[in-house]
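**Student:** There's a structure below that I have some questions on.
The values are calculated or read from the model by the stated rules, or taken from the named source; none is laboratory data. Keep in mind that this is a model prediction, so the values were computed, not measured. Because the Cβ atoms are built from the backbone with ideal geometry, glycine has one as well, and the counts that use them run over all protein chains shown. Protein only, heavy atoms only, side chains kept; ligands, DNA and RNA dropped before computing areas. Shrake-Rupley method; radii C 1.70, N 1.55, O 1.52, S 1.80 Å.
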Amino acid sequence: MASATGSVLRVGLTGGIASGKSLVSHELAARGALVIDADRLAREVLEPGSAGLEEVVTAFGPEVLDSDGALDRPALGRIVFADPSARERLNAIVHPLVRGRAAEQAESADPGTIVVEDIPLLVETGQAGRFDVVVVVQADKRERLRRMTQERGMSPEEARARIDAQADDAERAAVADVVLHNDGVPEELVAKVQELYEQLQEELAGR
């Protein structure tokens with residue numbers, strides 16, 4: 001773990017799709033952490049009428065809009081998860097906007113706060129160095145595929161494409177200060193989050 005900077009502890013939270021990262025994020029927030037959700041910010045910066053959505057339509061065409069003029073996320077997903085260059089174009093539009101919003105929220109945090117940025121593509125976008133602590137949630141690929149197909153209704157092909165579009169476990173582990181394994185039941189992961197939160201409090205107190 002790096003030395004904490006400023007008056008808050010900055011934590012980067014990441015993990016592959018269906019790894020259980022959202023549960024970790026929820027549990028950290030319930031314990032008092034300020035959680036900044038990159039996915040939620042990505043939705044905000046692409047709301048109807050936004051400059052971000054206008055850039056996306058320019059890049060990918062009006063077919064990524066639904067009948068109400070809002071972003072048709074499944075349509076956009078079919079484009080970017082099938083074409084790495086298209087995904088790069090989308091990331092070049094969205095990521096700077098999201099980072100700007102996240103920075104605003106982090107800077108407004110009260111002293112003594114554990115600030116958690118929940119970033120699915122933290123590793124892919126090279127952001128690990130921004131944080132005092134990087135937490136990675138991992139689960140076996142077969143279990144993740146099961147969750148995506150049985151619980152989220154994805155086809156096996158779509159699920160594999162989503163996983164393959166992200167960093168692998170080894171790449172995430174290479175930047176992690178803490179790895180939470182989530183191959184069991186949710187209650188087991190919740191217990192690990194409680195231990196993690198206590199560790200983060202100790203890290204913050206020892207600055």
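**Student:** Filtering the stretch 20-50 down to residues that are among the charged types (D, E, K, R) and under 30 Å from VAL193 (Cβ atoms), which residue is most open to solvent (accessible area, probe 1.4 Å)?
**Tutor:** Looking at residues that are among the charged types (D, E, K, R) and under 30 Å from VAL193 (Cβ atoms), I get ARG43.
**Student:** Take GLN138 and decide whether it is modelled with pLDDT of 95 or more, of a type in the set (S, T, N, Q), open to solvent by 50 Å² or more (accessible area, probe 1.4 Å) and farther than 22 Å from GLY77 by Cβ.
**Tutor:** no
**Student:** Considering only residues that are in contact (Cβ under 8 Å) with a residue 12 or more places away in the chain and open to solvent by 70 Å² or more (accessible area, probe 1.4 Å), which ones fall in the stretch 56-80?
**Tutor:** The answer is GLU63, ASP68.
Table: residues versus (1) of a type outside the set (Gly, Ala, Ser); (2) farther than 20 Å from VAL185 by Cβ; (3) at pLDDT 95 or above.
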{"site": "ALA2", "(1), (2), (3)": "no, yes, no"}
{"site": "GLY6", "(1), (2), (3)": "no, yes, no"}
{"site": "LEU13", "(1), (2), (3)": "yes, yes, yes"}
{"site": "SER19", "(1), (2), (3)": "no, no, yes"}
{"site": "GLU27", "(1), (2), (3)": "yes, no, yes"}
{"site": "GLY32", "(1), (2), (3)": "no, yes, yes"}
{"site": "ILE36", "(1), (2), (3)": "yes, yes, yes"}
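**Student:** Of the numbered conditions (1) aliphatic (A, V, I, L, M); (2) surrounded by 20 or more Cβ atoms within 10 Å (Cβ to Cβ); (3) at pLDDT 95 or above, LEU53 satisfies every one except a single condition; which is it?
**Tutor:** Looking at each condition in turn, LEU53 falls short on (2).
**Student:** From LEU189, LEU122, LEU180, which residue is under 14 Å from GLY15 (Cβ atoms) and touching a Lys or Arg at 6+ places or on another chain (Cβ under 7 Å)?
**Tutor:** LEU180
**Student:** Just to be sure I understand, how many residues within the stretch 103-132 are in a helix (DSSP H, G or I) and in contact with a helix residue (DSSP H, G or I) (Cβ under 6 Å, 6 or more places away or on another chain)?
**Tutor:** 1
**Student:** Looking only at the stretch 83-127, count how many residues are open to solvent by 30 Å² or more (accessible area, probe 1.4 Å) and among the β-branched types (Val, Ile, Thr).
**Tutor:** 2
**Student:** Between a residue in the stretch 1-15 that is open to solvent by 50 Å² or more (accessible area, probe 1.4 Å) and any residue that is at pLDDT below 95 and in a loop (DSSP other than H, G, I, E, B), which pairs come within a Cβ distance under 8 Å, given they are 6 or more apart or on different chains?
**Tutor:** These pairs meet every condition: SER3/ARG207; SER7/PRO111; SER7/GLY112; ARG10/ALA4.
**Student:** Also, I was wondering about something else. So PHE131 fits all but one of (1) open to solvent by less than 60 Å² (accessible area, probe 1.4 Å); (2) under 18 Å from ILE17 (Cβ atoms); (3) of a type in the set (A, V, I, L, M, F, W, C); what number is the exception?
**Tutor:** Here PHE131 meets the rest and fails (2).
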